[in-house]
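The values are calculated or read from the model by the stated rules, or taken from the named source; none is laboratory data. Every value quoted in this text rests on a predicted model; they were computed, and no experiment measured them. Neighbour counts are summed over all protein chains in view; Cβ atoms, including those assigned to glycine, are modelled from backbone coordinates with ideal geometry.
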């Protein structure tokens, strides 16, 4: 059998691969010790609510990034979904939610066709699409705030056992389903293969374009669900839905260990931990009574470090291949 | 299936390319449990033959039979369907995934109890089966990027087995392997043979052919120039067949040069690739560096120019009247470096010709206000378009719309414009049509007459013989001979590089 | 015969037409913009009025500096997402210095310095740390935003010295907005440097093929580095102009959609993600087009949101045409 690799190398790999988990654990422990309010059930319920929108959208984005692409339109799709809820306010909530999700599917499909079949650059394409989609939903809502239907707003307040919000359960289900898809299905294996080497994948006979299209459909669907969850929780359709979410999501996905170069990463635990890290920094600092104005700066520093780590990993990797 | 028929038979295959008959009535067969060696110099037709077999080229004439049944290949997929697999130098693999996933990626197993999911357990055990068949101890759950190049190659062979290939073609498989990995590969190939596969093995290294193969086929100029059983033949016989007696390339340079060294290379070492290489390059000289693939010729150039790391050695360069030590990076500044990979590091494809030509001497076009004199830049480009007979509508034509030969001339123009004292040419005529080849050869000669020193690497022996004033023969990372004058002929160069003493 | 060359016959060149299809797209954008302007000026009563034209110019100057910076970065093959939050970071630092009683000149210098500092971080990480532009500038984007919020405690800074506000946002000769004058000067200088100097050529060639540029002896790292520093500097100038125009400095001087506008404009103006293409003139035409469109919709009383949709669609169409062209050339 092959000789085991030197232990030092493994240790370094652990730090590189799981560094952000250590960071997350560090922050949780730190905040728990310093603040009494942090490690309480009600605070974690709060965290789960604040996190669920980003969790849902980032989960879908993770698949896109694993194939080596990017989707900047998720924030706009979330807002489109929210505005569909507003448009269909006179329908039954079921119809309204289903329609909103279908629109997410359709918009994602549009992205997929542009990127996979017309071979357009995903970064610039989804950037253009992002502007257009947001414009569409602003036209629908007139750029102002509208109350969501009573049933939908009520759904946003549902808590199982008084502590587990429905909106978080939905995002948890989305994440679990996507992680299972990634790790247990053919489709998941294809995603990684395409991210590793698209030319090799197509030579070996993987339906590359199909997989890429589907990945964008999934991302669009998740974004739509995220928009619906925001509407439920806020009880309103506002222009803040999904605003700036694309960059937060990209940051969370990268912090969670999914490489922007494609081919590696996961939804659970990676992306979830990435999102939680961002949310917990805000929440924890809030509980500490630190000036709230420092949160974004701390978050910025953490994101910068995480991204730096990702690049280091990739430098090492490319050095090995040359 | 016809009983007794050969596993694979190619009969009377001909293929014509513009200006060249790449394959002329080539027939051969490969049987089960047999390793056939395919040898010949570059351009002899090996690659064309294999591309016909792989469904990439369609032959003008001839037929292919698998198990006695006639088949037609229109795409690489057709070839695969008939059980033909290629193991190329550049491996197809997915770095972050496991060995088992790499083997079965295109046809993962369904989980018996839940068919939507894949069964990793089945994949792992099946992968282990194929790896064991190959005599390898790679664990199926290992991540691909943790394997060495040799191990990755074994995984790719396992993939070929897993898709049910009956014919496996190896194209120069050992060129990036260590000695130990090579032994492992040979063991694997022998296993394949024992499993009853038909194997075609293409290599420049005759020792490998003699060690591994049962039969051999020699191609030269698109025709079969010898075949038979390995046990009936000596290395010398094969060399004779590869070189042929009929053609002896005419040497067009027979001039006496004043030996005035411009560059002196001393004891360059780089891992196992280069062992203590030293030579001098004189003013106005065309110095050929001849060697087979893997002999270290490209590595030598890259080491001298500081593009790869070196472990030892030093360089001296003539400045004014004396040789002075110089670093590889500084030397790059005095050299023009022309490679076959002009798309990656030779040209700015989406830019016009004139911007490509002026890049190496931008400072000369600056006016006193710091503006570039575009007109003068274009004038320079036009001058070179005329001088080198670049077929382009004008100096503003974007380089990507030119043919390969004209693109290569633009690369020449770029370095001529810097008035580089040393030109380093690595396969300068690869992918260039015959007419342009001739023009480039003439250009190289003209330049040397004007005093430019040239270091020439080429796989085409005709080019090497007709251009070089002197030839260094490299073998296994060391210089084995310094051939001059009338000794520069194909018999000498081939036998020296293949590892025989001088034949004639 | 391992390689066969596709000896494509070179296309004929007509002197008056652009040589590349990309050039034709640029020309098309310019023609459409001109036609649009003409139509609008004939149909909308107030459109051609000097006041509206000056108004357009003034609007244009807000995005103009960032677009010029982005053009440099994108021609060199990169992207800078941080530029719009760097404007806020620079604005709040300079503004608080002025409010604290320091001279407006020092305040403006500080704004430039903050812009440069962020450009420096981007440039070092990308050119010397060999990190990917997209992720580096994404993280400096968050960093600059965070810095601005932390620095000001999310308060807007008002009470700026009159002298500063009136000078920068004032009118030249009593009618010509100074911001518009500055953007015109900056665009002309930046355009000439990019198109006509050795340094400009380095930027194009580095963007076109970094490998070739290195083998040809160009200072590739310096070139890449400098484009990010320049982009940071442009963010600093935006801060100076915008703070004076708005009259206050806030943590969100430029809204996030504006970043998309900047990138979209630069792409419409001829730049691509692969680098080596684009020009300041093209970008300014693209910007003019987008601004005129927004202005006309405004005058016609059409929702600005529809303008957003149109911008997005134009961007996608242009990227699509670009993708088709590249495939055509490959195949």
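Looking at B:132, B:182, B:120, just one residue is more than 12 Å from chain A (Cβ to nearest Cβ) and over 25 Å from the mean Cα position of the chain (by Cα), and that residue is B:132. Residues in the stretch B:382-392: is at least one closer than 30 Å to residue B:459 by Cα, in a helix (DSSP H, G or I) and in contact with a helix residue (DSSP H, G or I) (Cβ under 6 Å, 6 or more places away or on another chain)? Yes: one or more hits.
Among the helices (runs of 4 or more DSSP H) confined to the stretch A:205-322, the ones with at least 2 residues that are at pLDDT 90 or above and either within 14 Å of another protein chain (Cβ to nearest Cβ) or over 23 Å from residue A:177 (Cα atoms) (or both) are located at A:208-234, A:245-255.
Conditions (1) at pLDDT below 90; (2) away from chain A (no Cβ under 11 Å); (3) under 30 Å from residue B:411 (Cβ atoms); (4) more than 18 Å from the chain's Cα centre (by Cα), marked per residue:
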position	(1), (2), (3), (4)
C:220	no, yes, yes, yes
C:235	no, yes, no, no
C:263	yes, no, no, no
C:269	yes, yes, no, no
C:275	yes, yes, yes, no
C:301	yes, yes, no, yes
C:314	yes, no, no, no
C:329	yes, yes, yes, yes
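Residue A:137 - would you say it is under 21 Å from residue C:315 (Cβ atoms), surrounded by 15 or more Cβ atoms within 10 Å (Cβ to Cβ) and at the interface with chain C (Cβ under 9 Å from one of its Cβ atoms)? Against the criterion (under 21 Å from residue C:315 (Cβ atoms), surrounded by 15 or more Cβ atoms within 10 Å (Cβ to Cβ) and at the interface with chain C (Cβ under 9 Å from one of its Cβ atoms)), residue A:137 qualifies.
If you filter the stretch B:356-390 down to residues that are at the interface with chain C (Cβ under 7 Å from one of its Cβ atoms) and surrounded by 16 or more Cβ atoms within 10 Å (Cβ to Cβ), you find that the one that is farthest from residue C:189 (Cα to Cα) is B:360. Of all residues in the stretch B:333-344, those satisfying the criterion of being surrounded by fewer than 19 Cβ atoms within 10 Å (Cβ to Cβ) and not in a loop (DSSP other than H, G, I, E, B) are B:333, B:334, B:343, B:344. The residues on offer are B:147, B:179, B:210, and the sole one that is surrounded by fewer than 21 Cβ atoms within 10 Å (Cβ to Cβ) and free of Cβ contacts under 8 Å to residues at least 24 places away in the same chain is B:179.
When restricted to residues that are more than 13 Å from chain C (Cβ to nearest Cβ), more than 22 Å from residue B:172 (Cα to Cα) and surrounded by 20 or more Cβ atoms within 10 Å (Cβ to Cβ), the stretch B:8-57 contains 1. Where helices (runs of 4 or more DSSP H) sit wholly within the stretch C:65-170, those with at least 3 residues that are crowded, with 24+ Cβ neighbours inside 10 Å and in contact with a helix residue (DSSP H, G or I) (Cβ under 9 Å, 6 or more places away or on another chain) occupy C:83-99, C:104-123, C:133-152. Kindly indicate the residue of the stretch B:99-111 that is facing chain A (nearest Cβ under 10 Å) and outside any loop (DSSP other than H, G, I, E, B) and also surrounded by the fewest Cβ atoms within 10 Å (Cβ to Cβ) among those meeting that condition. Here the answer is B:107.
Scanning the stretch B:108-140 for residues that are under 21 Å from residue B:188 (Cα atoms) and out of contact with any helix residue (DSSP H, G or I) (no Cβ under 6 Å at 6 or more places or on another chain) yields B:125, B:126, B:128, B:129, B:132, B:133, B:137, B:139.
Remark: pairs (first residue in the stretch C:45-68, more than 16 Å from residue C:90 (Cβ to Cβ); second residue outside any helix (DSSP H, G or I) and at pLDDT 80 or above; Cβ separation under 6 Å; 6+ apart in sequence or on different chains) = C:54/C:177; C:58/C:177. Residue C:228 meets each of the listed conditions (1) away from chain B (no Cβ under 14 Å); (2) surrounded by 19 or more Cβ atoms within 10 Å (Cβ to Cβ); (3) in a loop (DSSP other than H, G, I, E, B) apart from (3). Inspect the stretch A:71-90 for any residue being out of contact with any helix residue (DSSP H, G or I) (no Cβ under 8 Å at 6 or more places or on another chain), surrounded by fewer than 24 Cβ atoms within 10 Å (Cβ to Cβ), without any contact (Cβ under 8 Å) to a residue 40 or more places away in the chain and farther than 26 Å from residue C:323 by Cβ and give the result as yes or no. Yes, that holds for at least one residue. Residues in the stretch B:428-462 that are touching a residue at least 40 places away in the same chain (Cβ under 8 Å), crowded, with 22+ Cβ neighbours inside 10 Å and within 14 Å of chain C (Cβ to nearest Cβ): B:428, B:458. Filter the stretch B:306-327 for residues that are in contact with a helix residue (DSSP H, G or I) (Cβ under 6 Å, 6 or more places away or on another chain) and within 13 Å of residue B:274 (Cβ to Cβ); which is surrounded by the most Cβ atoms within 10 Å (Cβ to Cβ)? This residue is B:310.
Scanning the stretch B:90-105 for any residue that is over 17 Å from residue B:15 (Cα atoms) and at pLDDT below 85 turns up at least one such residue. Answer with yes or no whether residue C:237 is assigned to a helix (DSSP H, G or I) and surrounded by fewer than 22 Cβ atoms within 10 Å (Cβ to Cβ). Judged against the criteria, residue C:237 is not a match. Within the set C:173, C:134, C:147, the sole residue that is more than 14 Å from chain A (Cβ to nearest Cβ) and without any contact (Cβ under 8 Å) to a residue 60 or more places away in the chain turns out to be C:173.
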